[in-house]
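In what follows, a single structure is set out as structure tokens and then discussed.
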């Protein structure tokens, strides 16, 4: 029996590699996005601790310089939080783009898989036809050997 050979095997291999690459890019984008969110959470907790520290300074009548320094630190944290928000938005855009690219490459690979399945089904159908034809020929030959020539052949001879 003949062996199945898919004509678009090299295309299938390239599409599979592309899908793997897009999946890696997607996972990197997700990791980056989550790290940006965690960085913002860290900044927010630092800001909360700074507020508590400032309130403690105010309650114990610390010098104005210490309070002012604490306020400047909080102001700096606010600026960092704004930058962290912008970084999260950028990371989310990259994540969305990576997801679209991955889905696109996955659809392309699935399309090739469907073509391969169809070709395999056609191959199997053709193989079964060939096998049936061989069996029919074999049965005809046995019938001729066992029963002699067929009547219609005798008329032409």
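The values are calculated or read from the model by the stated rules, or taken from the named source; none is laboratory data. Here the structure is a predicted model, which means the values were calculated and not measured. Here the Cβ is made from the backbone with ideal geometry for all residues, glycine too, and neighbour counts use every protein chain on show.
Number of residues in the range 61-96 that are free of Cβ contacts under 8 Å to residues at least 60 places away in the same chain and within 30 Å of residue 24 (Cα to Cα) equals 14.
Filtering the range 104-157 to residues that are in a helix (DSSP H, G or I) and modelled with pLDDT under 85 leaves 142, 143, 144, 145, 146, 147, 151, 152, 153, 154, 155, 156. Please indicate, with yes or no, whether at least one residue in the range 84-102 is surrounded by 11 or more Cβ atoms within 10 Å (Cβ to Cβ), touching a helix residue (DSSP H, G or I) at 6+ places or on another chain (Cβ under 9 Å) and modelled with pLDDT under 90. No: the range 84-102 contains no residue that is surrounded by 11 or more Cβ atoms within 10 Å (Cβ to Cβ), touching a helix residue (DSSP H, G or I) at 6+ places or on another chain (Cβ under 9 Å) and modelled with pLDDT under 90. Taking the condition under 30 Å from residue 121 (Cα atoms) and touching a residue at least 24 places away in the same chain (Cβ under 8 Å), does residue 50 pass? When the stated conditions are applied, residue 50 does not pass them.
Among the listed residues 42, 28, identify the single one that is assigned to a helix (DSSP H, G or I), modelled with pLDDT of 95 or more, out of contact with any helix residue (DSSP H, G or I) (no Cβ under 6 Å at 6 or more places or on another chain) and more than 27 Å from residue 16 (Cα to Cα).
Numbers: 28 fails: more than 27 Å from residue 16 (Cα to Cα).
Selected residue: 42, the only one of 42, 28 that is assigned to a helix (DSSP H, G or I), modelled with pLDDT of 95 or more, out of contact with any helix residue (DSSP H, G or I) (no Cβ under 6 Å at 6 or more places or on another chain) and more than 27 Å from residue 16 (Cα to Cα).
Would you mind stating whether residue 70 is more than 30 Å from residue 127 (Cβ to Cβ) and modelled with pLDDT under 95? Yes: the conditions hold for residue 70. Could you tell me whether any residue of the range 5-24 is exposed (fewer than 13 other Cβ atoms within 10 Å of the Cβ), in contact (Cβ under 8 Å) with a residue 24 or more places away in the chain, within 30 Å of residue 133 (Cα to Cα) and within 32 Å of the chain's Cα centre (by Cα)? Yes - at least one qualifying residue is present in the range 5-24.
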